[in-house]
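The values are calculated or read from the model by the stated rules, or taken from the named source; none is laboratory data. Computed from a predicted structure; not experimentally measured. For neighbour counting, all protein chains shown are included, and Cβ atoms are generated from backbone atoms with ideal geometry for every residue, glycine included. When the accessible area is computed, the model is the full protein with side chains, heavy atoms only, and any ligands, DNA or RNA have been set aside. Shrake-Rupley method; radii C 1.70, N 1.55, O 1.52, S 1.80 Å.
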Amino acid sequence: MKPFVALAGVVCASLVAACASAPPAPVVGKPLPEFFDDLKTELRAVHWRVKSASAACGTGEPREIDLRNAQVALDLQRLGTIGVGGQVRLVAIPLGGVALVPYASASADRKWTQDMALKFDVTGPARIYEVGEEVAGAGDVAKSVNAAIDAFMRSSAEPPCVRLTSLKLTLVIDVARGVGGGFRLVVPATDLGLDLARRDVNTLTLTWDKVVSNALQ
């Protein structure tokens, strides 16, 4: 069974006006409805429940962790709006793409939007994964989150035991051109020099205020 990932709310602000004097330039990226659908698909492939053959700290029981009470926040900064023929479409713009200049003409309207914050809730049943188990078809985002969870599950359980009560994971998320066309979600490599303090990157933050686990107790 896969958990259900629901979109809890949307806040969009800070539209920057288009510049009529700038030359036309294509605004390309991943349409936001597809972006959200892909992200929810990837979040369903996250190891929300994991067990390990290693013993929990201070016991002979195998390690287990249940992370389904997650709050997932998405902060999108690299967005553009395209209006053609009276239609407006929001797209997520690739971080590694060519710099874009907003413009307006009689036939098209190009703008930037700097802030869009969304929250997702993870609910419903979820299967138990083994540490290190790979999910068929999992994308870059799911693999990055799973790697962080698996690393925690592999950490030392030697005394003194530490009780884990909360957890927070933040990573940069972006879009890149797919080999067969279109755009896919990616987590940029650290060697690109990206950091969470930059105002032009998209971030995905998973927060657990209450961790259900015997892993480090």
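When restricted to residues that are among the β-branched types (Val, Ile, Thr), modelled with pLDDT of 75 or more and either in contact with an Asp or Glu (Cβ under 6 Å, 6 or more places away or on another chain) or closer than 22 Å to Val28 by Cα (or both), the stretch 103-131 contains 1. Looking only at residues in the stretch 124-144 that are open to solvent by 70 Å² or more (accessible area, probe 1.4 Å) and touching a strand residue (DSSP E or B) at 6+ places or on another chain (Cβ under 8 Å), the one that is nearest to Pro3 (Cα to Cα) is Arg127. Against the conditions (1) exposed (fewer than 11 other Cβ atoms within 10 Å of the Cβ); (2) at pLDDT 85 or above; (3) among the polar types (S, T, N, Q), Thr207 satisfies every one except (1).
Report whether or not Glu42 is in contact with a Gly (Cβ under 6 Å, 6 or more places away or on another chain) and modelled with pLDDT of 70 or more. Against the criterion (in contact with a Gly (Cβ under 6 Å, 6 or more places away or on another chain) and modelled with pLDDT of 70 or more), Glu42 qualifies.
Could you list, in sequence order, all residues of the stretch 126-146 that are of a type in the set (A, V, I, L, M) and in a loop (DSSP other than H, G, I, E, B)? Correct list: Ala126, Ile128, Val131, Val135, Ala136, Ala138. Entry remark, the stretch 44-69: residues being in contact with an Asp or Glu (Cβ under 8 Å, 6 or more places away or on another chain), within 30 Å of Val201 (Cβ to Cβ) and assigned to a loop (DSSP other than H, G, I, E, B) number 3 in total. Being part of a strand (DSSP E or B) and open to solvent by 10 Å² or more (accessible area, probe 1.4 Å) is a property that Leu90 has. Close contacts from the stretch 124-148, counting a first residue that is in contact (Cβ under 8 Å) with a residue 40 or more places away in the chain and a second that is open to solvent by 40 Å² or more (accessible area, probe 1.4 Å) and assigned to a helix (DSSP H, G or I), with Cβ to Cβ under 9 Å and a gap of 6+ residues or different chains, come to Val135/Lys143; Gly137/Thr41; Gly139/Asp38; Gly139/Thr41; Val141/Asp38; Ala142/Thr41.
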